[in-house]
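Peer 1: First the structure, which I've put down as structure tokens, then a few questions once you've had a look.
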Amino acid sequence: MSRTLVWFRSDLRVRDNPALFHSAAKNEVVAVYCLCPDQWLEHNDSPNKLWFWMQNLNQLEQSLNKLGIPLVIIQPDRFENCAKQLLELAQNLKCDGISYNNEHGLNEEHRDLCVEQLFRKKNLECQRFTDQTLITPGQLLNGKGEYFKVFTPFRKALYRTIEPHQIQPLPVPEKQKSVLLPEVEKVDYKDLFSPAEAISQRWPAGEEEAGDRLKAFIELHAIDYKKLRDYPAIDATSTLSPYLVSGVISLRQCFYAALQANNGELDSGNDGLQCWMSELIWREFYKHILHGFPRLSKGQAFITETERLPWSQNNKTFNAWCNGETGFPLVDAAMKQLVNTGWMHNRLRMVTAMFLTKNLMIDWRLGEAFFMQHLIDGDLSANNGGWQWSASTGTDAAPYFRMFNPVSQSEKFDASGQFIRQWLPQLKEQGNKEIHAPWQYDIHDIDYPTPIIDHKLSREKVLSAFKALKQP
Ligand code: FAD
């Protein structure tokens, strides 16, 4: 019987895993994972995220062992050397080929191509699968044969293309006879990172946990998702993002569950379920964009002319933003949530990103990096997409004059101040009106900063900077 090396990356699961399932259906399987610290550095991956991934890798190892599949961990000295070391391993273990699920991003795509070419050169098989998206990036184009640059037409085209009944998660492969491998060095990866206790409790690892979260969300919250998803004090969203980013659960599994609950309908039926599926498509959209516009992986703006914006170099205001000390309670509470939990509510990601880029006029790349350094769900495509959207430098760009007012956002989405009180205990005693903008009231003796900018003035400044871009 032939033997295949299945290379796990951001697909840390045994259910609905195309590379694993299709390889195990034909051949005996050995699994491999590459620990690549220079890739983590390149992406600014947070210790929270790395800890989460190592716990999930450990869970994966246990699940694979139950299926009779050994997991080998290798540590290439450099990211570029993955191909060479995988080939050496495949040859040592007498594998006839390798298979893996595609990842997106310039470095990842280049690395994967190198692996494919090297294996083929040695007459070994290389099989690659689409996994992170419903449609392979590059295969959904507009009438001019170009990538969609705006979300809504992209979603509509995708809904016209996919058949709901074809979205079927794959089962766990059957147990194979245990494979006896030559002695390989054991790598202790599980305790490489240690997060704060609050983080480890909040984000248990494993496919079971991800499946339970999905089930609970669909049964209890999905119906009200459209109505409640913007209120940060309410648990109305799925909190599946870290599991989706690490591939502990797949986009197909999430989509399938939503479709089942919505009687197989994509754009009719329950509006909560439709809205949630549409959010999942944002994830898909940004993967296509990352693939189609390699400059994004190099840290460049999607709208090239915005490279001329005169970003502020003010470290003091940047640090105030990072530390949650801007004097705008909703912004500060959100930044505390990020640093303390490794996660931030979507509405607040937009509020804080717009505040940094529009009010403080600080380069979106600094905010993007700071988010990555803390997020447990840090993901190049979604994070870059979200930051560039907020800064009006990206796809689907919010027109540059659309700018959130942090006080009205607070009054609208945290009217009773419940979220702010949770993260800024010094404002606990403030009334529901005062809590959104304490400086506007005659309040003394609170240990809370006065605002670091004037919203109106900063708005005028950013608008004229964007207008100047239009001038020849
Ligand atoms: P739900 O509301 O339950 O949505 C379900 C899933 O849909 C999410 O888990 C996510 O995979 C996907 N999704 C939802 N909204 C978006 C979106 N706007 N863009 C892309 N995918 C989306 N998401 C990340 O996964 N990683 C990031 O690094 C990331 N950085 C962001 C930075 C900024 C500035 C902004 C504005 C958004 C960012 N997002 C990111 C998108 C979004 O905020 C999170 O996916 C969402 O808050 C995760 O919570 P949830 O799982 O409860 O989402």
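Peer 1: Which of the lysines could be linked to Lys467 by a straight reach, that is with a Cα gap under 24 Å, when you skip same-chain ones fewer than 8 residues away?
Peer 2: Hits, sequence-local ones excluded: Lys149, Lys358, Lys456.
Peer 1: Per the helix-only calculation at 222 nm, which mean residue ellipticity applies to the chain, given -39500 (n - 2.57) for every DSSP H run of n ≥ 4 and division by its residues, nearest 500 deg cm²/dmol?
Peer 2: Using -39500 (n - 2.57) per qualifying helix, the result is -13500 deg cm²/dmol.
Peer 1: Please give the charge dipole size of the stretch 173-305, origin at the Cα centre, charges +1 on K and R Cβ atoms and -1 on D and E Cβ atoms. Round to the nearest 20 debye.
Peer 2: Dipole of the stretch 173-305, to the nearest 20 debye: 320 debye.
Peer 1: Another question, if that's okay. Provide the per-residue ³J(HN,Hα) series for the stretch 110-124, in order, calculated from phi with Karplus coefficients 6.51, -1.76, 1.60 and θ = phi - 60°, each as a whole number of Hz, with x at glycine and proline positions.
Peer 2: So the Karplus estimates, Gly and Pro as x, are 5, 4, 5, 5, 4, 4, 4, 5, 5, 5, 4, 4, 8, 6, 9 Hz.
Peer 1: Of all DSSP beta bridges located in the chain, what percent are antiparallel, nearest 5?
Peer 2: Counting DSSP beta bridges with both partners in the chain, the antiparallel share is about 5 percent.
Peer 1: Beyond 25 Å, what share of the Cα-Cα pairs of the stretch 3-129 remains, rounded to the nearest whole percent?
Peer 2: Within the stretch 3-129, distances greater than 25 Å cover 18 percent of Cα pairs.
Peer 1: List the residues whose amide H sits under 5 Å from the amide H of Ala398, counting only those 5 or more places along or on another chain, with H placed 1.01 Å from N in the peptide plane.
Peer 2: Ser392
Peer 1: Here's something else I'd like to know. Could you state the accessible area per residue of the stretch 3-129 in Å², with a 1.4 Å probe and every protein chain left in place?
Peer 2: I get 38 Å² per residue for the stretch 3-129.
Peer 1: Starting with the highest mean, order 63-74, 167-178 by the number of other Cβ atoms within 10 Å, averaged over the residues of each peptide.
Peer 2: For the peptides 63-74, 167-178, the packing ranking is 63-74, 167-178.
Peer 1: List the residues, sorted by chain then number, that are 5 or more residues from Gln127 or on another chain and whose placed amide H is less than 5 Å from its amide H.
Peer 2: Distant-sequence amide H within range of Gln127: Ile98, Ser99, Tyr100.
Peer 1: Taking the Cβ-Cβ separation of Ser2 and Asn92 as r and a Förster radius of 22 Å, what is the calculated FRET efficiency to the nearest 0.05?
Peer 2: 0.85
Peer 1: Nothing charged except the Cβ atoms of Lys and Arg (+1) and of Asp and Glu (-1): what's the magnitude of the dipole of the chain about its Cα centre? Round to the nearest 20 debye.
Peer 2: 1100
Peer 1: Now, a different point. Sorting check: for 382-393, 268-279, 97-108, which peptide has the highest mean count of neighbouring beta carbons within 10 Å, and how do the rest follow?
Peer 2: 382-393, 97-108, 268-279
Peer 1: Sort all Cα-Cα distances of the chain into consecutive 10 angstrom bins from zero, then give the percent of pairs in each bin up to the one containing the longest distance.
Peer 2: Percent of Cα pairs in each bin: 4, 19, 28, 26, 15, 6, 2, 0.
Peer 1: Report D for the stretch 399-468 in µm² per second (integer): Stokes-Einstein, Kirkwood Rh on Cα pairs, 25 °C, 0.890 mPa s.
Peer 2: It comes out at roughly 180 µm²/s.
Peer 1: In µm²/s, what is D for the stretch 304-469 at 20 °C and 1.002 mPa s, where D = kT/(6 pi eta Rh) by Stokes-Einstein and Rh is the Kirkwood radius from Cα pairs?
Peer 2: This corresponds to a translational diffusion coefficient of 133 µm²/s.
Peer 1: Shifting gears a bit: What length, rounded to one decimal in nm, is gained on full extension from Lys186 through to Lys66, with 0.36 nm per residue of separation minus their alpha-carbon distance?
Peer 2: Stretched fully, the Lys186-Lys66 segment lengthens by 41.3 nm.
Peer 1: Beyond 20 Å between alpha-carbons counts as too far, so tell me which of Lys175/Lys215; Lys84/Lys190; Lys94/Lys190; Lys49/Lys336; Lys26/Lys177 fall in that bin.
Peer 2: Where the Cα-Cα span goes over 20 Å, the pairs concerned are Lys175/Lys215; Lys84/Lys190; Lys94/Lys190.
Peer 1: Excluding ligands, DNA and RNA, what is the solvent-accessible area per residue of the stretch 331-472 at a probe of 1.4 Å, expressed in Å²?
Peer 2: Computed with neighbouring chains in place, this is 41 Å² per residue.
Peer 1: Output the peptides 437-449, 412-424, 50-62, 295-307 sorted from most to least packed, where packing is the average of other Cβ atoms within 10 Å over each peptide's residues.
Peer 2: The packing order, highest mean first, is 50-62, 412-424, 295-307, 437-449.
Peer 1: Find the centroid of the Cα atoms in the stretch 161-205 and in the stretch 1-75, then give the distance between the two in whole Å.
Peer 2: For the stretch 161-205 versus the stretch 1-75, the Cα centre distance is 6 Å.
Peer 1: Got a sec to turn the phi values of the stretch 327-344 into Karplus ³J(HN,Hα) couplings, 6.51 cos²θ - 1.76 cosθ + 1.60 with θ = phi - 60°, whole Hz, x for Gly and Pro?
Peer 2: Per-residue couplings from phi come out as x, 9, x, 5, 4, 5, 4, 5, 5, 5, 4, 4, 5, 8, 10, x, 9, 9 Hz.
Peer 1: Moving to a separate point now. Per 5 Å bin, what is the whole-percent P(r) computed from every C-alpha pair distance within the stretch 1-48?
Peer 2: Binned Cα distances yield the sequence 5, 19, 23, 18, 13, 12, 7, 3, 0.
Peer 1: Moving to a separate point now. Kindly express, to the nearest 10 degrees and within the range 0 to 90, the angle between helix 364-374's C-alpha long axis and the longest C-alpha principal axis of the chain.
Peer 2: So the inclination is approximately 60 degrees.
Peer 1: Determine ³J(HN,Hα), in whole Hz, for all residues of the stretch 417-431 in sequence, where each value follows from phi through the Karplus function 6.51 cos²θ - 1.76 cosθ + 1.60 and θ = phi - 60°; x replaces Gly and Pro.
Peer 2: x, 4, 5, 4, 4, 4, 9, 10, x, 5, 9, 3, 7, 6, x
Peer 1: Could you check how much of the accessible area of the chain is carbon and sulfur, as a whole percent, using a 1.4 Å probe?
Peer 2: With neighbouring chains kept in place, the figure for the chain is 49 percent.
Peer 1: Right, next: Using amide H atoms built in the peptide plane, which far-off residues or other-chain residues are under 5 Å from Ile249 H to H?
Peer 2: Counting only residues 5 or more places away or on other chains, the set is Leu244.
Peer 1: Another question, then. Putting +1 on Lys and Arg Cβ atoms and -1 on Asp and Glu Cβ atoms, find which of Leu170, Tyr147, Leu124 reaches farthest to the positive end of the dipole of the stretch 110-175.
Peer 2: Tyr147
Peer 1: Against the longest alpha carbon principal axis of the chain, how many degrees, from 0 to 90 and to the nearest 10, is the axis of helix 207-216 turned?
Peer 2: Helix 207-216 sits roughly 50 degrees off the main axis of the chain.
Peer 1: Taking only Cα atoms, what is the 0 to 90° angle, nearest 10, from helix 251-261's long axis to the longest principal axis of the chain?
Peer 2: The answer is roughly 70 degrees.
Peer 1: Where a Cα-Cα gap under 19 Å defines reach, which aspartates and glutamates qualify for Lys412, not counting those fewer than 8 residues away within the same chain?
Peer 2: Cα-Cα hits under 19 Å: Asp224, Asp230, Asp235, Asp332, Glu434.
The values are calculated or read from the model by the stated rules, or taken from the named source; none is laboratory data. Remember, predicted model here, so these are calculated numbers, not experimental data. Neighbour counts are summed over all protein chains in view; Cβ atoms, including those assigned to glycine, are modelled from backbone coordinates with ideal geometry. Just the protein is used for accessible areas: all its heavy atoms, side chains included, with ligands, DNA and RNA removed. Shrake-Rupley method; radii C 1.70, N 1.55, O 1.52, S 1.80 Å.
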